[in-house]
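Heads up: the structure comes next, in structure tokens.
A short reminder: the numbers here are calculations on the coordinates, not readings from a lab. Computed from a prediction, not measured in an experiment: that's the story for all the values here. Here the Cβ is made from the backbone with ideal geometry for all residues, glycine too, and neighbour counts use every protein chain on show.
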Amino acid sequence: MNKNIIEELITRLLKQDRHAAGRLISIIEGDDTGAAQIIKMLYPYTRNIPVIGITGSPGVGKSTVITHLISEYRKRDKKIGVIVIDPSSPFTGGALLGDRIRMQDHFLDDCVFIRSMGTRGYTGGITRATGSVIKILDAFGMDLIIIETVGAGQAEVGISKFAHTLVVITAPGLGDDVQALKAGILEIGDIFVINKSDLAGAERTAMDLECMLEDCDYRSSRYKNWKIRVVQTSATSQKGFAELYNHIETHLKFLYTEGLFDLCNLKIIREELSSIIEQKLAARVLYELENKAEFDRLVRMVADKKTDVYTIADTVVNKLLSIKYLKQ
Ligand SMILES: Nc1nc2c(ncn2[C@@H]2O[C@H](COP(=O)(O)OP(=O)(O)O)[C@@H](O)[C@H]2O)c(=O)[nH]1
Ligand SMILES: [Mg+2]
């Protein structure tokens, strides 16, 4: 990627040019080399804005809740960036819920930037790309970023590691009730939302959730001194979103006053750095092995039963670790 083009795009991004933001994100999604060039130039301009992760099963109403949250933030004149990592569910903003709120309004709003990222056919690794897109939206001048992810599977939970505050959404009548939350997700939530509280069964879902949280004394495992909050929302009856907004802001304030925000940032960098090193190392090692026909030799050794895949992989890694840098 031409350095001048990237430089020009970044200059425009810093002047709040939406087109430049979109182009830069596309480059990042397209290739890792471009991403590296962009982040190198852009990083000094980032300010570490808060990232809110919103997760939950498909159909619980994540996109809808986010639409209402955007409105809460816009009322207070905050600029919001949204990254949607759930291509299966378009960001309709609950268009079926009538005209009270229209996602299109947010799309036309200069202070809201919404971007979907597909998980399939992805070359650069969704986790790494997310880290880079967050930095772009940060330098673009947003005040806060919201990430929507489906709450299942490794990749999605991985993305949640980028969030300072994690909101887990559930809803009644989905077949997979609160019990399903137990599988990993219950441990990561700082705030729980029971959306669609207008539907039958909401009270039951709320009670089940409260019971489960009682077991862990309402303590979030991410931040020991944080007492988990539960809120019921409904897009149909326009209920609970201001309360949810307040809980998120209270949580962010808690992180700042307890000195946890900076700690969380270190954790995020750690996550990102290890992911990049892992990918680079693997690519480099395989390239070198292939290049020298060494890989063929190793494969042949395994085929001839002289060794096995685990043993030979260990040998390769051990040889690599003998480089000077790690011995110092
Ligand atoms: N009854 C009711 N339906 C809702 C509510 N919130 C969202 N929905 C509907 O649930 C469906 C899924 O919502 P969506 O936001 O796309 O869920 P996501 O897959 O979690 O992002 C849509 O048809 C919404 O209109 C709510 O509070 N009450
Ligand atoms: Mg969605």
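With a cut-off of at most 15 other beta carbons within 10 Å, and DSSP calling the residue loop, which GluC sites (Glu not before Pro) in the stretch 214-317 qualify? Please list them.
Working: sites: E214, E243, E249, E258, E271, E272, E278, E288, E290, E294; in loops: E258.
Here the GluC sites (Glu not before Pro) that fit, given the DSSP loop and packing criteria, are E258.
List the trypsin sites (Lys or Arg not before Pro) in the stretch 22-75 that DSSP assigns to loop (not H, G, I, E or B) and whose Cβ has at most 15 other Cβ atoms within 10 Å. Which are they?
Values: sites: R23, K40, R47, K62, R74, K75; in loops: R47.
Qualifying residues, ordered by number: R47.
Would you mind giving the average projected area, over all directions, of the Cα convex hull of the stretch 210-328 in nm² with one decimal?
Working: hull surface 57.8 nm².
Approximately 14.5 nm², given one-decimal rounding.
What do you get for chymotrypsin sites (Phe, Trp or Tyr not before Pro) in the stretch 207-242 restricted to DSSP loop and a cutoff of at most 15 other Cβ within 10 Å of the site's Cβ? Provide the component values of the computation, followed by the final result.
Details: sites: Y218, Y223, W226, F241; in loops: Y218, Y223, W226.
Filter output for the stretch 207-242: Y218.
Let's see if you can work this out: charge +1 on each Lys and Arg Cβ, -1 on each Asp and Glu Cβ, no other charges. What is the dipole magnitude of the stretch 1-53 about its Cα centre, in debye to the nearest 20? Present the calculation step by step, with values, prior to reporting the outcome.
Numbers: 7 positive and 6 negative charges, 50 e Å.
Taking the Cα centre of the stretch 1-53 as origin, the dipole is about 240 debye.
What aspartates and glutamates could a cross-link reach from K135, if we take a straight Cα to Cα line under 13 Å and drop same-chain neighbours fewer than 8 places away?
Within the straight-line cut-off, K135 pairs with D143, E272.
Amide H of V82: which non-local residues (sequence gap of 5 or more, or other chain) have their own amide H closer than 5 Å, using H built in the peptide plane?
Placed amide hydrogens put F113, I114, R115, I146 under 5 Å from V82.
If you only keep lysine pairs separated by 8 or more in sequence, or across chains, how many in the stretch 168-323 come under 16 Å at the Cα atoms?
Values: K196/K239; K224/K253; K224/K267; K227/K253; K292/K319.
Counting lysine pairs in the stretch 168-323 gives 5.
Assign unit charges at the C-beta atoms only (+1 for Lys and Arg, -1 for Asp and Glu), then state the dipole size of the stretch 240-314 relative to its Cα centre in Debye, rounded to the nearest 20. Let's see the in-between values first.
On the way: 10 positive and 14 negative charges, 70 e Å.
That gives the stretch 240-314 a dipole magnitude of about 340 debye.
Run the simple label-point estimate for R300 and D262 please: 7 Å along Cα→C-beta, distance reported in nm.
Calculated label separation equals 5.7 nm.
With label points built 7 Å along Cα→Cβ from the Cα atoms of Y45 and N246, find their separation and express it in nm.
Placing both labels 7 Å along Cα→Cβ, they lie 3.8 nm apart.
Let me see the pair-distance distribution of the stretch 1-51: every alpha carbon pair, 10 Å bin width, integer percents in order.
26, 60, 15, 0
Suppose the chain between Q238 and R12 were pulled fully straight at 0.36 nm per residue; how much longer would it get relative to their current alpha carbon spacing?
Values: separation 226, 0.36 × 226 = 81.36 nm, distance 3.80 nm.
Computed gain between Q238 and R12 is 77.6 nm.
Ranking R229, R204 by Cβ neighbours within 10 Å, fewest first, what do you get?
Lowest to highest Cβ neighbour count: R204, R229.
Modelled label-to-label distance, D314 and R270, 7 Å Cα→beta-carbon offset: nm?
2.8 nm
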